[in-house]
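Input: a single structure, listed below in structure tokens.
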Amino acid sequence: MTTKRAIIASFIVSTCVFFIFSGTALAETICGVRPELSLKADRIQWASYYDYVNRILSVDHSISNVSSGDATGVTVIGARTSGGITSVTAMPMTIGTLVAGDSATFTMQYNIPMGVSNFRSRVLASVEDGCGNIYACPPPAQQINLQIVAAVHDTTNLSGADGLYVDGNYAFIASGGSNSLSIIDISNPYAPVITSALTDPYGRLDRAWGVQVSGNYAFVVTGYSGTSDRLTVVDVSNRANPFIVGSLQDFINLDGALHIDVQGQYAYITAPFENRMTVVDISVPQGPRVVGSIRDDIRLYRADGISVNGTHAYVVSHQLDGGTDRSYLNSIDISDPAHPTIASSLNSLYFRGGDQMAIVGNYLYIPGNLDHTFSIVDISNPLSMNIVSHITSDAYIGQSCFVDVADKLAFMTSADNSRITVVDISDVTIPQIVGSLRDPINLSSALYVIAAGRFAYVTSPGGTFSVVEVTSTT
């Protein structure tokens, strides 16, 4: 049944030219012909009586390649609408490759509230050229330019650099190859200097992976070694002379200790070799002690990234060999630190290989390196999480393990592509890549990233700490 019911929909149907990120965001040369697509709305209808009753309006579109070269990876990523309507079509929608002169059709569906008689919709899409460079249509409202302005190369102190924490004018780096905690002065981001590098003859920093700082103490987790499986507490009140004040070794509750989040008097730690999340009381830095732990051989299998928000800890777990059934995001109730319990779990392929997450407000941002994805999850109800949106890009977020969020921008590293990529998350339903920088030397196998002010800081396991300046073009 087709009924108009006086719904007047206005769609932007002019030719869309796809613009690559400007400035220093990309170092590559554009390959082949710049993609250019034309988009138009062909038919607006209530596709069925059921849709009419439930106010679901269908709009058939056609998208055409009007350039002289192939357009690959054509993807519809969402729609910006007016009049209080929302798109109910699952996104992103993959169109695929359109050779020169070719076209394809797709349907968008919108929920039309009662009383709405007209609205506007702008469909957003992306496309790649022959080199995998991504173009956005229409161009995003802002484009982020990224430029490496300084780097510290030190294979002695930063070998296996992984965990990163920024506190004021200092960056703290846990390096599993150097078995060290390094402190870098970033008061002048254009000239960072290693202030100190702490090692330990007793193995208390062996295979250091994660680090967090709270007050005068740095909390370092170590794993993947027979002398590790520890939480080590370092007094960093004097940045030039840090020293260990306490250490807890536990071959069960901290087996393979990997990531840590410190909140108040507790440290929350993932122990992937025991499929655990463990709570450690750090109120006495000289004597940290385990107060609670939870093991789940399915939902916490290879427990990895962790972020704490209020009374819940969010832990991503995954099967590192790419198993399809063990990719979970878990909401763990920690209101009683002695008895943490899983409140809910969300199973998705998008989380496979995910490491460190970020939480801002009601949303959790999570990478998935095995499927080259970035997902946004609504955690407003810890008992019922849901995926709001996701994007996929082999070229820009391939093997993305870490994400940080600042000023409605998500910063991710891509280890496969030696990149840092920025995603606009001002509209959580339609995340858009707005900047990217590739540097095979300074960002080789890039891992951890933290954004602070006008800069992003990145660790690379080859022994590099990079400072990336972030500027915006509107």
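The values are calculated or read from the model by the stated rules, or taken from the named source; none is laboratory data. Predicted model, so just to flag it, every value in this text is computed and none were measured. Glycine gets a Cβ as well: all are built from the backbone with ideal geometry, and neighbour counts include every protein chain shown.
With over 17 Å from Tyr457 (Cβ atoms) and under 23 Å from the mean Cα position of the chain (by Cα) as the only criterion, which of Gln143, Gln147, Gln212 stands out?
Checking each option against the conditions leaves just Gln143.
Rundown of residues vs (1) within 22 Å of Tyr448 (Cβ to Cβ); (2) crowded, with 23+ Cβ neighbours inside 10 Å; (3) in the same structural domain as Ser344 (by TED's automatic domain parsing), yes/no style:
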{"site": "Val221", "(1), (2), (3)": "yes, yes, yes"}
{"site": "Ser237", "(1), (2), (3)": "no, no, yes"}
{"site": "Ala257", "(1), (2), (3)": "yes, yes, yes"}
{"site": "Gln263", "(1), (2), (3)": "yes, no, yes"}
{"site": "Pro285", "(1), (2), (3)": "no, no, yes"}
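Pairs needed: first member in the stretch 417-430, of a type in the set (A, V, I, L, M); second member anywhere, in a loop (DSSP other than H, G, I, E, B); C-beta distance under 7 Å; at least 6 residues apart or different chains.
Ile420/Leu443; Ile420/Ala446; Val423/Pro431; Ile425/Lys408; Ile425/Pro431
Just to verify a result, which residue in the stretch 435-470, among those that are aliphatic (A, V, I, L, M) and not in a strand (DSSP E or B), is nearest to the chain's Cα centre (by Cα)?
Filtering the stretch 435-470 for residues that are aliphatic (A, V, I, L, M) and not in a strand (DSSP E or B), the one nearest to the chain's Cα centre (by Cα) comes out as Leu447.
Return the total of residues in the stretch 283-310 being among the hydroxyl-bearing types (Ser, Thr, Tyr) and touching a Ser or Thr at 6+ places or on another chain (Cβ under 6 Å).
Going through the stretch 283-310 one residue at a time, the tally reaches 2.
Tell me whether the stretch 162-170 contains one or more residues that are in a strand (DSSP E or B), acidic (Asp, Glu) and closer than 26 Å to Ala257 by Cβ.
Within the stretch 162-170, one or more residues are in a strand (DSSP E or B), acidic (Asp, Glu) and closer than 26 Å to Ala257 by Cβ.
Checking the structure you have, find out if any residue of the stretch 413-434 is in a loop (DSSP other than H, G, I, E, B), outside the structural domain of Val88 (by TED's automatic domain parsing), buried (at least 23 other Cβ atoms within 10 Å of the Cβ) and in contact with an Asp or Glu (Cβ under 7 Å, 6 or more places away or on another chain).
yes
Could you check, for the stretch 163-172, whether at least one of its residues is over 26 Å from Glu469 (Cβ atoms), surrounded by fewer than 18 Cβ atoms within 10 Å (Cβ to Cβ) and not polar (S, T, N, Q)?
No, every residue in the stretch 163-172 fails to be over 26 Å from Glu469 (Cβ atoms), surrounded by fewer than 18 Cβ atoms within 10 Å (Cβ to Cβ) and not polar (S, T, N, Q).
Keeping to the stretch 285-314, report how many residues are in contact (Cβ under 8 Å) with a residue 12 or more places away in the chain and not in a strand (DSSP E or B).
So the count comes out to 12.
Give me the residue from the stretch 335-371 that is buried (at least 24 other Cβ atoms within 10 Å of the Cβ), touching a Gly at 6+ places or on another chain (Cβ under 9 Å) and of a type in the set (A, V, I, L, M) and, out of that set, nearest to Met91 (Cα to Cα).
Only one residue tops the list, namely Ile366.
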